[in-house]
Amino acid sequence: MKRLVYFMGGVLAIIAVLGLLSVKLSADSGSSAISNQLTIYNWGDYIDESLLKSFEKETGYKVNYVTFDSNEAMYTKIKQGGTTYDIAIPSEYMIDKMKSEKLLNKLDHQKIKGLENIDPRFLNQSFDKNNAYSIPYFWGTLGITYNDEKVKTPPEHWQDLWSPDYKNNLMLIDGAREIIGLALNEQGDSVNSKDMGQLNKAYNHLKSLTPNVKAIVADEIKQYMINNEAAAAVTFSGEASEMVSENKHLHYVVPNEGSNLWFDNIVIPKTAKNYDAAYAFINYMLRPEIAAKNAEYVGYATPNMKAEAILPKEITSDKSFYPDATAMKNLEVYQNLGPEYLGIYNDLFLEFKMYRK
């Protein structure tokens with residue numbers, strides 16, 4: 001009986017050891033999987049996928065590329081937690097918001113190589129002083145794309161969009177800050193206004209634009225314009241760049257009375273697990289030849305001045321997409337308005353969309 005007890009005790013000990021070994025191997029396997037993977041959370045079609053493959057080949061990291069369609073959707077997912085994102089690429093006002101809510105990791109600049117390649121104009125912006133939390137990825141403007149076959153007089157100002165010439169022939173990007181902002185600019189006010197008198201005046205003026213509005217759409221705006229389905233569209237410079245390259249009758253202009261200057265920057269969210277991979281990706285994207293190739297593919301303006309220097313001159317000499325210092329004086333960066341005023345902008349925009357119907 002004693003032998004049986006000893007034997008059973010030995011068997012149980014072996015089983016316990018094997019169990020512990022299995023748990024350790026499982027943990028090691030999970031740890032290895034995490035250390036070998038980089039999860040990127042970005043806008044759709046916002047990187048040259050061949051660069052992701054070359055990054056994987058060069059570094060050995062496996063890239064998991066996940067997309068979002070709005071800053072708000074990205075913010076909500078990261079705030080909820082539960083999903084690991086090592087890299088995200090939000091816009092300026094959202095970076096400010098996420099920073100204030102402690103959803104971003106402060107960057108270790110000693111681990112970053114190539115920050116000196118970024119044009120100083122795009123560093124140390126109000127939404128992220130000293131680039132403590134973000135690295136510039138792309139920048140651009142909001143403006144008007146028009147079709148020279150459908151427009152008698154090319155638009156130069158926001159006010160031109162109210163012309164009867166555009167009746168049921170104007171497309172608008174589906175964004176509250178953008179559309180309320182252009183109405184504010186048209187009235188001579190800031191795109192970041194918190195003056196309810198100015199906001200209501202802009203909204204009321206916007207209502208008079210409805211006879212001209214054919215549709216309020218998102219990414220589809222690009223194909224609609226390429227297919228000659230509207231005379232003009234309010235859209236972002238990068239989208240416009242692709243439209244212009246696909247249709248010789250399309251042109252892009254930024255109203256000189258004012259518009260939005262936007263930035264999309266790379267951040268490391270609090271959800272990050274693989275910091276080494278995140279810094280490797282940041283350094284990779286800061287390399288001039290990589291940034292230039294990405295800019296050619298995506299169509300937006302690169303903040304990397306060494307990358308800009310090696311891009312084709314026909315791209316960088318076009319002041320519609322690479323505006324000079326004079327043109328940029330009247331451009332404003334969206335500020336984080338806070339939940340109250342962001343709600344007001346969203347409500348006014350929703351009322352405008354409902355008014356159209």
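The values are calculated or read from the model by the stated rules, or taken from the named source; none is laboratory data. Everything numeric in this text was worked out from a predicted model, so none of it was measured. As a convention, Cβ positions derive from the backbone with ideal geometry for all residues, glycine included, and neighbour counts pool all protein chains shown.
Odds and ends about this structure:
The rows are residues; the columns are (1) polar (S, T, N, Q); (2) more than 16 Å from Val267 (Cβ to Cβ); (3) touching a residue at least 24 places away in the same chain (Cβ under 8 Å).
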{"site": "Leu38", "(1), (2), (3)": "no, no, yes"}
{"site": "Glu56", "(1), (2), (3)": "no, yes, no"}
{"site": "Tyr61", "(1), (2), (3)": "no, yes, yes"}
{"site": "Gln80", "(1), (2), (3)": "yes, yes, no"}
{"site": "Tyr85", "(1), (2), (3)": "no, no, yes"}
{"site": "Ile89", "(1), (2), (3)": "no, no, yes"}
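- Residue check, Tyr224 hydroxyl-bearing (Ser, Thr, Tyr) and either buried (at least 21 other Cβ atoms within 10 Å of the Cβ) or assigned by TED's automatic domain parsing to the domain that holds Asp128 (or both): no
- Residues that are in a loop (DSSP other than H, G, I, E, B), buried (at least 19 other Cβ atoms within 10 Å of the Cβ) and among the hydrophobic types (A, V, I, L, M, F, W, C) do not occur anywhere in the stretch 275-290.
- Residues located in the stretch 245-258, provided they are buried (at least 21 other Cβ atoms within 10 Å of the Cβ) and under 14 Å from Asp148 (Cα atoms): Leu250, Tyr252
- The residue pairs whose first member lies in the stretch 198-219 and is farther than 30 Å from Asp45 by Cβ, whose second member is β-branched (Val, Ile, Thr), and whose beta carbons are closer than 7 Å, counting only pairs six or more residues apart or on different chains, are Leu199/Ile344; Ala202/Ile180.
- Enumeration of residues in the stretch 310-350 that are touching a residue at least 40 places away in the same chain (Cβ under 8 Å), touching a Phe, Trp or Tyr at 6+ places or on another chain (Cβ under 7 Å) and in a helix (DSSP H, G or I): Leu348
One line per residue, one yes/no per condition, for (1) surrounded by fewer than 16 Cβ atoms within 10 Å (Cβ to Cβ); (2) within 16 Å of Ile180 (Cα to Cα); (3) among the small types (Gly, Ala, Ser):
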site	(1), (2), (3)
Ser208	yes, yes, yes
Ala232	no, no, yes
Glu239	no, no, no
Met243	no, no, no
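- Subset of the stretch 88-120 (residues that are touching a Pro at 6+ places or on another chain (Cβ under 8 Å) and either farther than 17 Å from Pro303 by Cα or assigned to a helix (DSSP H, G or I) (or both)): Ala88, Met98, Leu103, Leu104, Asn105, Asn117
- Those residues of the stretch 169-195 which are farther than 19 Å from Glu257 by Cα and small (Gly, Ala, Ser), in sequence order: Gly175, Ala176
- Residue that is farthest from the chain's Cα centre (by Cα) [pool: residues in the stretch 129-140 that are in a loop (DSSP other than H, G, I, E, B) and either farther than 25 Å from Tyr284 by Cβ or of a type in the set (Gly, Ala, Ser) (or both)]: Ala132
- Scanning the stretch 57-75 for residues that are part of a helix (DSSP H, G or I) and farther than 23 Å from Leu107 by Cβ yields a total of 3.
- Any chance Lys306 is among the basic types (Lys, Arg), surrounded by fewer than 19 Cβ atoms within 10 Å (Cβ to Cβ) and either in contact with a Lys or Arg (Cβ under 6 Å, 6 or more places away or on another chain) or more than 19 Å from Arg121 (Cβ to Cβ) (or both): no
- Subset tally (residues that are closer than 13 Å to Thr83 by Cα and of a type in the set (Ser, Thr, Tyr)) for the stretch 262-282: 1
- Which numbered condition Leu123 misses (of (1) touching a residue at least 24 places away in the same chain (Cβ under 8 Å); (2) under 19 Å from the mean Cα position of the chain (by Cα)): (1)
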